[in-house]
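The values are calculated or read from the model by the stated rules, or taken from the named source; none is laboratory data. Just so you know, these numbers come straight off a predicted model, no measurement behind them. FYI the Cβ positions are ideal-geometry reconstructions off the backbone, even for glycines, and counts take in every protein chain you see. SASA here: full protein model, heavy atoms, side chains in, ligands and nucleic acids out. Shrake-Rupley method; radii C 1.70, N 1.55, O 1.52, S 1.80 Å.
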Amino acid sequence: MGQIKVTNCGNIEGLRVIEPTVHGDERGYFMETYNYNDFAEAGIDCRFVQDNQSASKKGVLRGLHFQINYPQDKLVRVINGEVFDVAVDLREGSATFGQWYGVRLSAENKKQFFIPKNFAHGFVVLSDYAEFAYKCTDFYHANDEGGLLWNDPEIGVEWPMPEGMTREDLILSEKDRLWGGIKDYHK
């Protein structure tokens, strides 16, 4: 593989952490954030159709979200700040259904996280501010969004807390406070 190092994520098939080769000198750095040939060689053969970017302040938790009828593969990364990013396996018949994997993504470590279709996804902002960018293999359909409760004990995500904050201090949207747990999940 040319410019990337790809690592499998525990025992959850399909999840990958990608570390690009960073070429740096006194001027700064250069890296390829996506190269179809390198990704296809690593078994990530996707056609991305939409790029998204969000900005959030410290303590914002977004997730756990998924598209119901139009699932998306996602390639996510942080371009400013740091987040703890999580994927939860929702693939029917998967041996790891309901299991989660999390990774710290930051502008500093430049890691990317590949999340296949049929996973719920979310992140919490650990730095004062973070900009989050991601590629998707299907378009967003507003009426197709689903979600799981971020602190569902059945899933048991071990969210790290931003420095100086508690779980009660986290900032969530109204819908993220109201999603059901995985025991209520129906595709």
Projecting the Cα atoms of 83, 63, 119 onto the charge dipole of segment 1-142, where Lys and Arg contribute +1 and Asp and Glu -1 at Cβ, the residue farthest towards the positive end is 63
What shape does segment 122-187 take by its C-alpha gyration tensor, where a ≥ b ≥ c are the square roots of the eigenvalues and a/c under 1.5 counts as rounded, a/b above b/c as prolate, and the rest as oblate? oblate
Here segment 89-99 yields Karplus 3J(HN,Hα) values (6.51, -1.76, 1.60; θ = phi - 60°; whole Hz; Gly and Pro given as x) of 5, 10, 6, 4, x, 6, 5, 10, 3, x, 8
GluC sites (Glu not before Pro) in segment 1-56 lying in a DSSP loop, each with at most 11 other Cβ atoms within 10 Å of its Cβ, come to 26
Divide by every residue of the chain the summed helix terms, -39500 (n - 2.57) for each DSSP H run of at least 4, and state the resulting mean residue ellipticity at 222 nm, rounded to the nearest 500 deg cm²/dmol. -1000 deg cm²/dmol
Cα to Cα, under 25 Å, and not fewer than 8 places away if on the same chain: which lysines meet these conditions relative to residue 58? 74, 110, 111, 135, 175
Name the longest site-free stretch of the chain, where the excluded sites are chymotrypsin sites (Phe, Trp or Tyr not before Pro) in a DSSP loop with no more than 13 other beta-carbon atoms within 10 Å. 1-138
Accessible area in square angstrom per residue, segment 76-129, 1.4 angstrom probe: 37 Å²
For segment 68-78, what does the Karplus curve 6.51 cos²θ - 1.76 cosθ + 1.60, with θ = phi - 60°, yield as ³J(HN,Hα) per residue in whole Hz, taken in order and with x for Gly and Pro? 7, 9, 10, x, 10, 6, 10, 10, 10, 7, 10
About its Cα centre, how strong a charge dipole does segment 102-164 have in debye, to the nearest 20, once Lys and Arg get +1 and Asp and Glu get -1 at the Cβ? 340 debye
Using a 1.4 Å probe on the protein chains only, how many percent of the accessible area of the chain belongs to carbon and sulfur? 45 percent
Compute the distance from the alpha-carbon center of segment 168-187 to that of segment 1-73, in whole Å. 25 Å
